[in-house]
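This report concerns only the one structure given below.
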Amino acid sequence: MWPFAKPAADPVIRLFMPARAGACATIHAGNFHRGWSAQEIADLAAEPSVLAHVALDSQEKTVLGFSLARHVGAEAEILTIVVDRARQGKGLGRSLLQTQLDALSSLGVTEVFLEVEAGNAAALALYGKLGFQRVGERKAYYAKAGEPAATALILRRIGA
Ligand SMILES: CC(C)(COP(=O)(O)OP(=O)(O)OC[C@H]1O[C@@H](n2cnc3c(N)ncnc32)[C@H](O)[C@@H]1OP(=O)(O)O)[C@@H](O)C(=O)NCCC(=O)NCCS
């Protein structure tokens, strides 16, 4: 390595701020058929029962991903987790989800649920690595234009 070259600094995970909603909406729209608007994301994140984190580049300028979870008592649900397509597969999803799980645990959450499309290999790999297990399924749950509706799996993790 060139003697003066610094290694690239790692991304960071921070609590969501409303100013980040637009960038979050762009990343969401790039990954899902029905994207959530910036307003929808900001409104959800502002709910007292919702915990929201963003992944940012080391300069804290660019949003690389985000995750939202709703918690009620000892239970929580991951509402969404999404990483910018260009940054997927580099450990960011895992960092985001682990941060959410740690924060939920500190709030007294002991059981976390989520719903995922049966064919979503990346998400299933991530959830499996972090201890989620399949507890149910909803057949023909996600409507898809021009193809059969996809199955949803319900996953649970005991101990946030
Ligand atoms: C699902 C998602 C959030 C994962 O984030 P990511 O940053 O790409 O995942 P990571 O790099 O942190 O990978 C986490 C683990 O899953 C594994 N993994 C990731 N993508 C994978 C794939 N396509 N196939 C198999 N394993 C995969 C990784 O090897 C890693 O395991 P490791 O920590 O033991 O190395 C991301 O792919 C995404 O935004 N997808 C589109 C939106 C989405 O589907 N969200 C979930 C809706 S339920």
>> As I understand it, the dipole of the chain uses +1 on the Cβ of Lys and Arg and -1 on the Cβ of Asp and Glu, about the Cα centre. Which of 125, 142, 100 lies farthest toward its positive end?
In response: 125
>> Neighbour counts of other C-beta atoms within 10 Å: give me 158, 81 arranged from fewest to most.
In response: 158, 81
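Is it possible to state the helix-based mean residue ellipticity at 222 nm for the chain, with each DSSP H run of 4+ residues giving -39500 (n - 2.57), the sum divided by total residues, to the nearest 500 deg cm²/dmol? What is it? Please report the intermediate quantities before stating the final value.
Numbers: 4 runs with 42 residues, N = 160.
The helix-only estimate for the chain comes to -8000 deg cm²/dmol at 222 nm.
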> So for 112, 12, 135, 63, fewest C-beta neighbours within 10 Å to most, what's the order?
Replying inline: 135, 12, 63, 112
> Based on Cβ point charges of +1 for Lys and Arg and -1 for Asp and Glu, what charge dipole magnitude is obtained for the chain about its Cα centre, in debye rounded to the nearest 20?
Replying inline: 400
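What number in nm² do you get for the chain if you take the convex hull of its Cα atoms and divide its surface by four? Could you put the intermediate results ahead of the total?
Working: hull surface 43.9 nm².
In nm², the orientation-averaged hull projection of the chain is 11.0.
Since every read-out is calculated from the coordinates, none of them should be taken as a lab result. What you see is a predicted model; the values in this text were computed from it and never measured. Cβ atoms come from the backbone with ideal geometry, glycine included; neighbour counts cover every protein chain shown.
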